[in-house]
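Any read-out appearing in this document is the output of simple, stated calculations on the displayed coordinates, not a laboratory observation. Being a predicted model, the structure only gives us computed values, none of them experimental. Every residue, glycine as well, gets a Cβ built from its backbone with ideal geometry; the counts of neighbours run over all protein chains shown.
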Amino acid sequence: MGTFPEEKTVIVTGAASPRGIGRATALHLAAQGWNIGIIDLDAEACTTLAAEIQQTYNVQAAGAAANVTDEVSVRRAIDELEAALPQICALANIAGVASPIPYLDLDAAEWDRVLNVNLNGVHYATRRVAETMVKNGVGRIVSLSSVSAQIGGGSYSKTPYSVAKAGVIGLTRAVARELGPHGITMNAIAPGPIDTDIMGGTLSDERKRELVQGLLVDRVGVPADIAAAVEFLISDQSGFITGQTLNVDGGMYMH
């Protein structure tokens with residue numbers, strides 16, 4: 001089993017959205033000394049965030065625009081980041097889209113859109129970083145699933161979202177099994193309701209009160225809750241944890 005080098009890089013997909021989990025995760029990990037590779041659709045936002053991270057946290061950061069639904073685009077972006085930054089030791093698959101469309105109103109285009117971003121995108125990024133991690137004998141991959149995968153929706157997004165996020169759990173387990181002998185772990189995080197734009201915009205106080213009724217704690221989640229879980233699962237100390245799904249959901253799954 002390899003060990004982390006002194007200078008290590010994590011790639012975070014979907015990092016540029018102003019109120020998103022990806023941005024919160026990138027900033028949190030930079031504060032812990034990780035060098036940051038940013039992947040997002042918006043090239044300008046990637047560059048701006050990378051500059052902000054370098055200036056604020058005194059780590060190396062670089063951005064590369066990619067559409068996670070396009071494997072060629074993803075590979076090119078990760079190639080760019082690998083050339084610009086220290087060794088890639090971790091990947092946080094955060095990019096995702098919501099889908100509140102009722103099943104009987106669902107068309108093929110919406111199904112494909114949601115599966116492509118939320119499942120295929122995770123696979124493409126994972127597949128590319130796995131090549132580097134296998135070569136170096138060490139790596140941590142964390143992907144966002146959702147409590148929706150486990151309970152069949154029930155929060156904001158509906159069927160294709162739940163299906164894609166369930167697929168992330170299956171992908172996580174299968175890749176963990178295959179890549180474990182190469183020193184690589186892969187885990188998933190299943191958030192409950194988090195106050196981000198993917199929940200349909202900023203949550204009103206009334207909507208928050210409604211959501212709390214389905215939880216065991218007295219608040220909805222914030223992006224920092226997920227960022228802290230990512231930090232743990234990509235740490236050097238978490239090498240004995242793999243193929244798992246960590247629910248960060250305020251007890252929603254149990255409720």
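Counting beta carbons within 10 Å around each of 217, 114, 138 and listing the fewest first gives the order 217, 138, 114.
As a size descriptor, the averaged projected area of the C-alpha convex hull of region 9-248 was calculated at 12.5 nm². Between residue 7 and residue 55, residue separation times 0.36 nm minus the direct Cα-Cα distance comes to 15.5 nm.
With the simple spin-label model, which puts each label point 7 Å out from Cα in the Cβ direction, the residue 177 to residue 241 separation comes to 2.2 nm. In the chain, helical runs assigned H by DSSP with n ≥ 4 each contribute -39500 (n - 2.57); averaged across all residues and rounded to the nearest 500, the mean residue ellipticity at 222 nm is -13500 deg cm²/dmol. When 186, 254 are arranged by Cβ crowding within 10 Å, least crowded first, meaning fewest neighbours, the order is 254, 186. Exposure proxy for 99, 145, 235: other Cβ atoms within 10 Å of each Cβ, ordered fewest to most, give 235, 99, 145. Restricting the trypsin sites (Lys or Arg not before Pro) of region 143-223 to loop positions (DSSP other than H, G, I, E, B) with no more than 15 neighbouring Cβ atoms within 10 Å leaves 219. Couplings 3J(HN,Hα) for region 239-250, derived from phi with the Karplus relation 6.51 cos²θ - 1.76 cosθ + 1.60 (θ = phi - 60°), are x, 9, 10, 7, x, 9, 10, 9, 7, 10, 9, x Hz, where x marks Gly and Pro. Taking GluC sites (Glu not before Pro) across region 1-84, the ones in a DSSP loop with at most 15 further Cβ atoms lying within 10 angstrom of their Cβ are 6, 7.
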